[in-house]
Amino acid sequence: MLVKWLLAAVHLLAFGFALAAVLARGRALRRLRADDARSFRDVFVVDNIWGLSAALLLITGAFRAFGGIEKGSYYYLHQPLFHLKILAFILIVAIEVVPMFALIKWRIAFKNQMPIDTSRSRRFARISHAEAALMVIIVIAATGMARGDLIS
């Protein structure tokens, strides 16, 4: 019982951190200035928090759904709202690929004090906000699943 509670708490806290971080990353990317090292650091810090919290969401979510801790994989695999959550997660991962690799390149260039092409920063900010919207969909689907009486 305690393990279920702790996993659920960590999972929910990770959502809070992930949502805050992805929104902050979008804001930081909109404010990014190629001549301002601090603005790059701001982007990198919140991007780190976003990445760590997303990994924590994936790990705790998979363990809760398929680790024999919660309702069991049969329940989740036959729950339409779970399918919606997974679809939204897959969409987040799919649209995150380009910004993720670009930010890795930016980090390397920043560390080596090389010029960084920030022309796509506004596009990455929009992607961050789209990811936040998808996270809201995940939370809405999760609350429907927690109720258990909406769709089964």
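Scoring GLY68 on the criteria (1) touching a residue at least 12 places away in the same chain (Cβ under 8 Å); (2) surrounded by fewer than 18 Cβ atoms within 10 Å (Cβ to Cβ) leaves a single failure, condition (1). Filtered by the rule that a residue be touching a residue at least 60 places away in the same chain (Cβ under 8 Å) and surrounded by fewer than 19 Cβ atoms within 10 Å (Cβ to Cβ), the stretch 34-50 gives ALA34, ALA37, PHE44. Among the criteria (1) closer than 19 Å to HIS11 by Cα; (2) modelled with pLDDT of 95 or more; (3) crowded, with 16+ Cβ neighbours inside 10 Å, the one ALA142 does not fulfil is (2).
Identify the residue in the stretch 112-152 that is of a type in the set (Ser, Thr, Tyr) and over 12 Å from the mean Cα position of the chain (by Cα) and, among all such residues, is nearest to ALA37 (Cα to Cα).
The first filter runs over the stretch 112-152 and keeps only residues of a type in the set (Ser, Thr, Tyr), leaving 118-119, 121, 128, 143, 152.
From the residues that got through so far, the ones that are over 12 Å from the mean Cα position of the chain (by Cα) too are 118-119, 121, 143, 152.
Working: THR118: 12, SER119: 16, SER121: 15, THR143: 41, SER152: 51 Å.
Filtering first and then ranking leaves THR118.
Among the residues of the stretch 11-27, is any surrounded by 14 or more Cβ atoms within 10 Å (Cβ to Cβ), in contact with a Pro (Cβ under 9 Å, 6 or more places away or on another chain), among the basic types (Lys, Arg) and part of a helix (DSSP H, G or I)? Yes, the stretch 11-27 contains at least one residue that is surrounded by 14 or more Cβ atoms within 10 Å (Cβ to Cβ), in contact with a Pro (Cβ under 9 Å, 6 or more places away or on another chain), among the basic types (Lys, Arg) and part of a helix (DSSP H, G or I).
One residue stands out among those in the stretch 11-68 that are among the polar types (S, T, N, Q) and farther than 18 Å from VAL139 by Cβ: the one that is farthest from the chain's Cα centre (by Cα), which is SER39. If the condition is being assigned to a helix (DSSP H, G or I) and of a type outside the set (D, E, K, R), then the stretch 118-130 contributes SER121, PHE124, ALA125, ILE127, SER128, HIS129, ALA130.
On the given criteria, is SER53 polar (S, T, N, Q) and in contact (Cβ under 8 Å) with a residue 12 or more places away in the chain? Can you show your working first?
Details: polar (S, T, N, Q): yes; in contact (Cβ under 8 Å) with a residue 12 or more places away in the chain: yes.
Taking the combined requirement at face value, the residue satisfies it.
If I ask for residues that are surrounded by 13 or more Cβ atoms within 10 Å (Cβ to Cβ) and either in contact with a His (Cβ under 6 Å, 6 or more places away or on another chain) or of a type in the set (D, E, K, R) (or both), which ones from the stretch 106-121 would you list? First the steps, then the outcome.
Here is the first cut: in the stretch 106-121, the ones surrounded by 13 or more Cβ atoms within 10 Å (Cβ to Cβ) are 106-107, 109-110, 116, 118, 120-121.
If the condition is that a residue be surrounded by 13 or more Cβ atoms within 10 Å (Cβ to Cβ) and either in contact with a His (Cβ under 6 Å, 6 or more places away or on another chain) or of a type in the set (D, E, K, R) (or both), then ARG107, ARG120 are the ones that fit.
Of all the numbered requirements in (1) closer than 15 Å to ALA65 by Cβ; (2) surrounded by 13 or more Cβ atoms within 10 Å (Cβ to Cβ); (3) of a type in the set (A, V, I, L, M, F, W, C); (4) under 13 Å from the mean Cα position of the chain (by Cα), ILE90 misses one, and that requirement is (2).
The set of residues in the stretch 131-150 being part of a helix (DSSP H, G or I) and not β-branched (Val, Ile, Thr) consists of GLU131, ALA132, ALA133, LEU134, MET135, ALA141, ALA142, GLY144, MET145, ALA146, ARG147.
In contact (Cβ under 8 Å) with a residue 12 or more places away in the chain and in contact with a helix residue (DSSP H, G or I) (Cβ under 7 Å, 6 or more places away or on another chain): does that describe PRO99? Considered against the rule, which asks whether it is in contact (Cβ under 8 Å) with a residue 12 or more places away in the chain and in contact with a helix residue (DSSP H, G or I) (Cβ under 7 Å, 6 or more places away or on another chain), PRO99 comes out as yes. Restricting the search to helices (runs of 4 or more DSSP H) fully inside the stretch 29-117 and requiring at least 3 residues that are farther than 16 Å from MET135 by Cα and modelled with pLDDT of 95 or more gives 37-66, 80-111.
The values are calculated or read from the model by the stated rules, or taken from the named source; none is laboratory data. Worth saying up front: this structure is predicted, and the values here are computed from it rather than measured. Positions of Cβ are generated from backbone atoms using ideal geometry, with glycine treated the same way; all protein chains shown enter the neighbour counts.
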